[in-house]
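Comments concern the structure below.
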Amino acid sequence: MTPPTTKTLTDEGRRGLLSTMVLIRTYEEAIRREYYADKKPAFDIGAGLVPGEMHLSAGQEPVAAGICAHLTPEDALTATHRPHHVAIAKGVALRPMTAEIFGRQTGLGRGRGGHMHLFDPSTHFSCSGIIAEGLPPALGQAFAFQRQRSDRVAVAVIGEGAANKGEFHESLNLAALWKLPVVCVVEDNDWGISVPRSHSTSVASNADRAAAYGIPGARVEDNSVEAVYAAAGEAIARARSGGGPTLIEVHTLRLWGHFEGDAEGYRPDLESVPEHDPIPIYRDRLLKTGVLTDSQYQVMQASASEQVEDAIDFAKNSPTPDPLDHLSYVFSEGVNS
Amino acid sequence: MTATLHSKDQSLALATEPDAGKRKLSTAKAIQEAISQRMARDESVFVIGEDVGPYGGIFSSTTGLIDRFGPERIIDTPISETAFIGLGIGAAVEGMRPIVELMFADFFGVCMDQIYNHMAKIHYESGGNVRVPMVLMTATGGGYGDGAQHSQCLWGTFAHLPGMKVVVPSNPYDAKGLMTAAIESDDPVVFMFHKGVMGLGWMAKNQRSIGAVPEEEYIVPIGKARVAREGTDVTIVTVSLSVHHSLDVAEKLEAEGISVEVIDLRSLVPLDREAIVRSVSKTGRLIVVDEDYQSFGLSGEVIAVVAEHDPSLLKRVSRVCVPDVPIPYAHELEFAVLPTPARIEAAVRDAVAT
């Protein structure tokens, strides 16, 4: 099978990538609005309809859109504490996902998980709030697919900070050793909360670390969705055809804070960050090259807005979990201790 | 009574605690047999861990399995506990039934995040939508001079954290039935075998580490204690190798007219609270014998079960545990902290003196 490349990417495909990115951004803006809505005047992290830490993914949409364009619902993906963009691109339904973020009974985890713990068996999507720890389970999903003689693949998305943890090295060694159909995608957004990459990582490119495991590595430097699409296409095709794992690093952008409420006083590039927003850049390119029209873009935005507001309405109008039911689901048989 | 299988093979129902019969096996062989029989019937079951293949498991939990099932299903790993335990989780989520061996329970420190934040929590966090049917099998216990990092029981630590069933067999019969139940369970089960109950040829062993085991597959229900010996004067609640010691002490003291009841919990999670209360209701005297550390663990929990039920039941209560120190190396020191028969006997004599 010839892997898809930017040369095989059609205009419709390009609009599809932008459309996914617009949907993600519309979603994150709406979650941000709802998150702050009832935390005023003083910010109280535990207050409101959406309490707790909130890690939004604005700026990292190219990673999600570029990778997931190659995946089917039968492929698996594990994400991080910042999971919304990949969840949406993977095809997780917005209604139950949003209901989970609002802590409702109709949520993916019936309100037991929250925004860092989203599990959707129908798209084989999951995420973990612990840095790098989504990688080992992705190996297991890939292992199961390999043993089941299917061509399904697993993708683990982690951050650049995770590449300095032992889990990363254990997992890549094992994946390479057993030629597991797994792709490890490192989202390098330059920051591990407040610590810049230059203070945490000994190599300029984590893709160079692929050599340590004898697997291909690639770094996408400019947060371009089409470059991600091309790199992911090659890696995923290799995994599907039995060629084993690939390590991809994407130099992406954390457009907002680590979590909401983060004033980012540590960030010297704060003023110039919006200039690098990948969505207007890609939109303008598609408009300029005639791939996209203004009216098509407006339809894209309207459709995204409609889907997102529908999901938020669904979440807000869903029942909260019964407090008396807090012991359910520790075990499958209802025996809890 | 029978239990229904998870697998396609629904027509085969497994007996629950059948008669033991006459054939004798060591605990290690009973575990191997349980795994082997399940693997023969269910292709989704596989074993993964360090030295589980040709070596057969450092404590013989998997001896011979590779000869029957090959390296595709009996899988040696690099020394990468986080990676291969996490791999087990992902495989379980996708419909397989992994048995993952963590060589020593003491090693949980290098991989606990996968165990307690992932294996144990995914079912709850997903609101019951994602199941993790895996067995985490691990060796526990001291008494052979292995020092502070290779001698701990630690079952109280696992049992403290929600989302894992924790089984601790003391004998071959229970080990086989509990392993079969663990593989069949749709929940993660931590299967903790004490090296001293395995019946290994290269370690001092109690006669009770070899016993009668049915040849057919069967279930010992997870969460059901066993009255290992009936008695009327004092109740010993215990698990694992300490069951052997407690029974030895009970037999010895019978000649003096002291009647000791021994409850083998078999599982910490779920905990058979009724069995504890039932026995203490009869004897009024409770001794908890636990080779895990004393504070904040199983012994306090068992006493709390009775106290919360009816504190007036307790005429006497005491515990024989490892005091809150690392397990020392020198034989004299190690046996000063372990719950030895001598310490158990002294506790029984003390309990019945008033």
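Some observations on this one:
- Distance from the C-alpha centroid of region A:206-224 to that of region B:228-261: 63 Å, rounded to the whole angstrom.
- Relative to one another, the C-alpha centroids of region A:97-139 and region B:154-206 are positioned 31 Å apart.
- Label zone at B:ALA255 (point 7 Å along Cα-to-Cβ), backbone N below 18 Å, region B:321-354: B:341-346, B:348-349
- Residues A:MET21, A:MET116, B:MET179, B:MET203, sorted so that the one with the fewest Cβ neighbours within 10 Å comes first: B:MET203, A:MET116, A:MET21, B:MET179
- For residues of A:143-153, the mean tally of beta carbons on other chains within 10 Å: 4
- Restricting the GluC sites (Glu not before Pro) of region B:21-84 to loop positions (DSSP other than H, G, I, E, B) with no more than 16 neighbouring Cβ atoms within 10 Å leaves B:GLU43, B:GLU72.
- Excluding same-chain neighbours fewer than eight residues apart, the lysines reachable from A:LYS316 by a Cα-Cα span under 22 Å are A:LYS39, A:LYS40.
- Residues of region B:140-179 with amide N under 11 Å of the 7 Å Cα→Cβ point at B:ALA342: none
- Under 5 Å between amide hydrogens, built in the peptide plane, is the criterion, and for B:VAL166 it picks out B:VAL190, B:LEU268, B:VAL269 among residues at least 5 positions away or on other chains.
- Order by protection proxy (mean Cβ within 10 Å, highest first), peptides A:171-181, A:199-209: A:171-181, A:199-209
- Using θ = phi - 60° and Karplus 6.51 cos²θ - 1.76 cosθ + 1.60, couplings along region B:298-307 (whole Hz; Gly, Pro as x): 4, 5, x, 5, 5, 5, 5, 4, 6, 4
- Rg(Cα) / (2.2 N^0.38 Å) computed for region B:226-349, rounded to two decimals: 1.00
- Footprinting exposure proxy for B:THR138, A:THR293 (fewest neighbouring C-beta atoms within 10 Å first): A:THR293, B:THR138
- Charge dipole magnitude, Cβ of K and R +1, D and E -1 - region A:1-112, Cα centre, debye nearest 20: 120 debye
- Residue exposure sequence - A:TYR229, B:TYR293, B:TYR144 - by fewest surrounding Cβ within 10 Å: B:TYR144, B:TYR293, A:TYR229
- Dipole magnitude (debye, nearest 20) for chain A, charges at Cβ of Lys, Arg, Asp, Glu: 820 debye
- Semi-axes of the equivalent ellipsoid for region B:13-92, Cα gyration tensor, largest first, Å: 25, 15, 11
- Residues whose amide H falls under 5 Å from that of B:SER61, counting only those 5 or more places apart or on a different chain, are absent, with hydrogens built in the peptide plane.
- Listed residues B:GLY95, B:ALA40, B:HIS118: farthest to the positive end of the dipole of region B:2-219 (Cβ charges): B:ALA40
- Average partner coverage of A:167-175, which counts Cβ from other chains inside 10 Å: 5
- For region A:294-336 versus region B:263-294, the gap between their alpha-carbon centres in whole angstrom: 44 Å
- With a 10 Å cut-off around each Cβ of B:126-136, the average count of Cβ atoms from other chains is 6.
- Lys, Arg +1 and Asp, Glu -1 on Cβ, resulting dipole of region B:234-354 about Cα centre, debye, nearest 20: 380 debye
- In this structure the amide hydrogen of B:ALA13, modeled in the peptide plane, comes within under 5 Å of no amide hydrogen from residues 5 or more places off or on another chain.
- FRET efficiency, 1/(1 + (r/R0)^6) with R0 30 Å, evaluated for A:ILE130 and A:ALA42 via beta carbons: 0.50
- Listed by chain and number, the lysines whose C-alpha is less than 29 Å from the C-alpha of B:LYS24, apart from same-chain residues fewer than 8 away, are B:LYS165, B:LYS176, B:LYS195, B:LYS205, B:LYS224, B:LYS252.
- Of the residues A:SER122, A:LEU327, A:MET97, the one whose Cα sits farthest toward the positive end of the charge dipole of chain A, with +1 on the Cβ of Lys and Arg and -1 on the Cβ of Asp and Glu, is A:SER122.
- Using the Cβ of A:ALA64 as centre and a radius below 10 Å, the other residues enclosed give a net charge of -1, where K and R count +1 and D and E count -1.
- As an equivalent ellipsoid, the protein assembly as shown spans semi-axes of 52, 27, 22 angstrom, where each value is the square root of five times an eigenvalue of the C-alpha gyration tensor, largest first.
Coordinate-derived values only; no laboratory data. Keep in mind that what you see is a predicted model, and the values were worked out from it rather than measured. When we count neighbours, we look across all protein chains shown, and the Cβ atoms used for this are built from the backbone with ideal geometry, even at glycine.
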